[in-house]
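Scroll down for the structure; my scribbles are underneath it.
The values are calculated or read from the model by the stated rules, or taken from the named source; none is laboratory data. All values derive from a computational prediction rather than experimental measurement. All Cβ positions, glycine included, derive from the backbone under ideal geometry; neighbour counts span all protein chains shown. Calculation scope for accessible area: heavy atoms of the full protein, side chains included, ligands and nucleic acids excluded. Shrake-Rupley method; radii C 1.70, N 1.55, O 1.52, S 1.80 Å.
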Amino acid sequence: MSSIGGSVNLAVTVIRSRHSVRKYKDTPIDDKIVKDALDCAHLAPTARNEQPWLFGAIRDRDTLKAIADLSDNGRFIANAPICFAVFGKKDAKYYLEDCCAATMQLILALQGWGVGSCWVAGAKKDYAEEVRKLLNVPEEYTLVSLVPAGYPEEISIAKKKPLDEVTFFDRYEEE
């Protein structure tokens, strides 16, 4: 727990507890949690308040399998109880940044409910257009990310670099 002077920062606790989850229990995610996560995603920061996004929540087993088959690193999507798809309007100048912020807020909202997820790339992937067509999303949008989610069956914790290795203050200087 992060605490200063006896107070706890719940946001920091949620962020620090988040890890990519690729193995899920076969337990459905309650509609309240799904709607809450989608609401948090749509409240993400967005350049010029354009909100150039469209969010999908896919539960249909056949569609999940089809998405998994299309992706190159997301075969585990087939076994997730749900997969969120984040699309951005191609003609919006900052759609990628905006939709990445929305993806992260979606992931953190799920984590807050104890639902694990894994960010699967969509932007610039060969399968992006096929996923868009599969989900019948209008042509003006492009896939930015896929977020399969569920209650964790197994969590694998990746080792992160030490903070002092990836940060600097005021100006970067070689040591």
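Overview of values
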| quantity | calculated |
| --- | --- |
| Residue list for the range 112-167, filter: among the basic types (Lys, Arg) and open to solvent by 40 Å² or more (accessible area, probe 1.4 Å) | Lys124, Lys125, Lys133, Lys159, Lys160, Lys161 |
| In the range 57-70, residue farthest from Gln111 (Cα to Cα) [restricted to those that are crowded, with 18+ Cβ neighbours inside 10 Å and in contact with a strand residue (DSSP E or B) (Cβ under 8 Å, 6 or more places away or on another chain)] | Ile67 |
| Flag for Asn73 being open to solvent by 30 Å² or more (accessible area, probe 1.4 Å), at pLDDT below 95 and touching a strand residue (DSSP E or B) at 6+ places or on another chain (Cβ under 7 Å) | yes |
| Test: residue in the range 1-23 that is among the small types (Gly, Ala, Ser), touching a helix residue (DSSP H, G or I) at 6+ places or on another chain (Cβ under 6 Å) and modelled with pLDDT of 95 or more | no |
| In the range 109-129, the residues that are at positive phi and of a type outside the set (D, E, K, R) | Gly114 |
| Candidates Ala68, Ala102 - the one that is modelled with pLDDT of 95 or more, closer than 25 Å to Asp26 by Cβ and part of a helix (DSSP H, G or I) | Ala68 |
| Candidates Ala11, Ala44, Ala57 - the one that is among the small types (Gly, Ala, Ser) and assigned to a loop (DSSP other than H, G, I, E, B) | Ala44 |
| Close pairs from the range 108-137: first without any contact (Cβ under 8 Å) to a residue 24 or more places away in the chain and assigned to a helix (DSSP H, G or I), partner open to solvent by less than 40 Å² (accessible area, probe 1.4 Å) and of a type outside the set (Val, Ile, Thr), Cβ under 6 Å, at least 6 apart | Ala128/Gly122; Ala128/Leu143 |
| Residue under evaluation Ala85, criteria (1) part of a strand (DSSP E or B); (2) touching a residue at least 40 places away in the same chain (Cβ under 8 Å); (3) out of contact with any Gly (no Cβ under 6 Å at 6 or more places or on another chain), criterion not met | (3) |
| Candidate set from the range 15-52 (those that are open to solvent by less than 40 Å² (accessible area, probe 1.4 Å) and without any contact (Cβ under 8 Å) to a residue 60 or more places away in the chain); member that is farthest from Cys83 (Cα to Cα) | Ala47 |
| The range 123-144: number of residues that are in contact with a Phe, Trp or Tyr (Cβ under 8 Å, 6 or more places away or on another chain) and closer than 14 Å to Leu70 by Cβ | 3 |
